Amino acid sequence: MSQGYARPLDGQVRLLTKVARMYHERGVRQADIATALNISQAKVSRLLKRAVDVGIVRTTVTVAPGLYADLEEKLEQGYGLAEAVVVDVDPDADDSETIAAIGAGAAAYLEATLAGTDRIGISSWSQTLLAMVDRMRPFTVRGATEVVQLLGGIGVAEVQSHSNRLLGELARMLGAEAVYVQAPGVVAGPDIRDSILEGALGEVTRRWRELTMAIMGIGSVEPSDLLASSGNAFSAEETASLIEAGAVGDICHRIFRADGTPVLGALDDRIIAIPADDLRRIPRRVGVAGGPRKLEAIHGAVAGGWVNALVTDVHTAEALIDRQQA
């Protein structure tokens, strides 16, 4: 049939069409349709269902402006993500505008998905996560039970306040307990790291293993201004050695290559942060990042399974899809 649906008897087609138009186009209630056509309300309901079955009524979803459902689905399918959130950003947006847009998208994502029972880990030195917290509204009911730092949060005094505000404000917004990591992110050697993790941070390491969700910035190898000024970044010489080893980015100071494989060695042994194996066991691992400078790092993070959900901007999403399809 030219209309594209299986055609019942002509009289039935007419009745199906009439009922469907009254209900879907004119907004007439089923009870009023039954009265007008002198049939039962149960029959009206059956006719409406039949109109869908034979193709007279076809359901379409109209995507609101500024939403990118197709891009999100392509990211999820191409990279095996459980969820992708793509936010609108102007093509000529600068870094601060991109960070603000992604932060707002991450805030909306959390507000829509937290159920109150999560134990959340959060990375410490992320400008994008600070933007997220700044755009969140306090939950009217508890959004999580605890928020735990995933990486040492002690640094240069004037910068440490950012790390503390990130954790403290998120916990306050969610009505959750705040658990700080009272140590720097990078120490002088593995013996010092082991002593801290097994001693003063023994309770924190236990909590790391009980997390149900992680919210993390994704860093490029070259540290952000915030991280660089915190005293928790690697030196220029150490960064150069990481790049030589193929490093493109990090999550909680766990360094990885473009394919997501970790860069292990002496530098990794000096980090006060959640161990990679414990991180990967967290059921929901949300990466929040975007912008051209972060593209390689974001690709490595999703390709290597460091995150299984991603909040990013539309231009980064398009670039990730192009790279995956190349």
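The values are calculated or read from the model by the stated rules, or taken from the named source; none is laboratory data. Keep in mind the model is a prediction, meaning the values are calculated, not measured. Cβ atoms come from the backbone with ideal geometry, glycine included; neighbour counts cover every protein chain shown.
Whether any residue in the range 254-274 is in a strand (DSSP E or B), assigned by TED's automatic domain parsing to the domain that holds ILE196 and surrounded by fewer than 19 Cβ atoms within 10 Å (Cβ to Cβ) is what I want to check. Within the range 254-274 (the criterion being in a strand (DSSP E or B), assigned by TED's automatic domain parsing to the domain that holds ILE196 and surrounded by fewer than 19 Cβ atoms within 10 Å (Cβ to Cβ)), the answer is yes, since at least one residue qualifies.
On the stretch given as the range 23-46, residues that are closer than 19 Å to ARG58 by Cβ and over 46 Å from the mean Cα position of the chain (by Cα) total 0. The single residue among VAL133, VAL44, VAL86, VAL57 that is touching a Leu at 6+ places or on another chain (Cβ under 8 Å), in contact (Cβ under 8 Å) with a residue 60 or more places away in the chain and among the β-branched types (Val, Ile, Thr) turns out to be VAL86. Just to be sure before I move on: is GLY27 at positive phi and at pLDDT 90 or above in the structure I sent? In short, yes. Being part of a strand (DSSP E or B) and not aromatic (Phe, Trp, Tyr) holds for only one residue in VAL311, VAL307, VAL302, and it is VAL311. Checking the structure you have, find out if any residue of the range 236-248 is surrounded by fewer than 20 Cβ atoms within 10 Å (Cβ to Cβ), under 29 Å from ALA100 (Cα atoms) and among the β-branched types (Val, Ile, Thr). Yes. Just to be sure before I move on: is ALA240 over 24 Å from TYR79 (Cα atoms) and at pLDDT 90 or above in the structure I sent? Answer is no for this residue. Please work out which residue is surrounded by the most Cβ atoms within 10 Å (Cβ to Cβ), limiting yourself to the range 138-187 and to residues that are modelled with pLDDT of 90 or more and of a type in the set (Lys, Arg). The qualifying residue surrounded by the most Cβ atoms within 10 Å (Cβ to Cβ) is ARG172.
With the condition kept exactly as written, say whether any residue in the range 97-110 is among the polar types (S, T, N, Q), at pLDDT 90 or above and under 19 Å from the mean Cα position of the chain (by Cα). Yes, the range 97-110 has at least one match.
Listed by first and then second residue, the pairs with beta-carbon distance under 6 Å, at least 6 apart or on different chains, first residue in the range 195-221 and assigned by TED's automatic domain parsing to the domain that holds ALA82 and crowded, with 24+ Cβ neighbours inside 10 Å, second β-branched (Val, Ile, Thr) and in a helix (DSSP H, G or I), are GLY217/THR128; ILE218/ILE298.
Elements of the type helices (runs of 4 or more DSSP H) sitting completely within the range 24-124 and holding at least 2 residues that are under 30 Å from ARG14 (Cβ atoms) and not assigned by TED's automatic domain parsing to the domain that holds SER224: these cover 30-37, 41-53. Within the range 173-219, if we keep just the residues that are touching a strand residue (DSSP E or B) at 6+ places or on another chain (Cβ under 9 Å) and hydroxyl-bearing (Ser, Thr, Tyr), the residue that is nearest to TYR109 (Cα to Cα) turns out to be THR212.
Yes/no matrix, rows are residues, columns are (1) surrounded by 24 or more Cβ atoms within 10 Å (Cβ to Cβ); (2) touching a strand residue (DSSP E or B) at 6+ places or on another chain (Cβ under 8 Å); (3) free of Cβ contacts under 8 Å to residues at least 40 places away in the same chain:
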| position | (1), (2), (3) |
| --- | --- |
| ASP278 | no, no, no |
| LEU295 | no, no, yes |
| HIS299 | no, yes, no |
| HIS315 | no, no, no |
| ILE321 | no, no, no |
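The residue that is nearest to ARG119 (Cα to Cα), among those in the range 275-326 that are touching a Ser or Thr at 6+ places or on another chain (Cβ under 8 Å) and of a type in the set (A, V, I, L, M, F, W, C), is ILE282.
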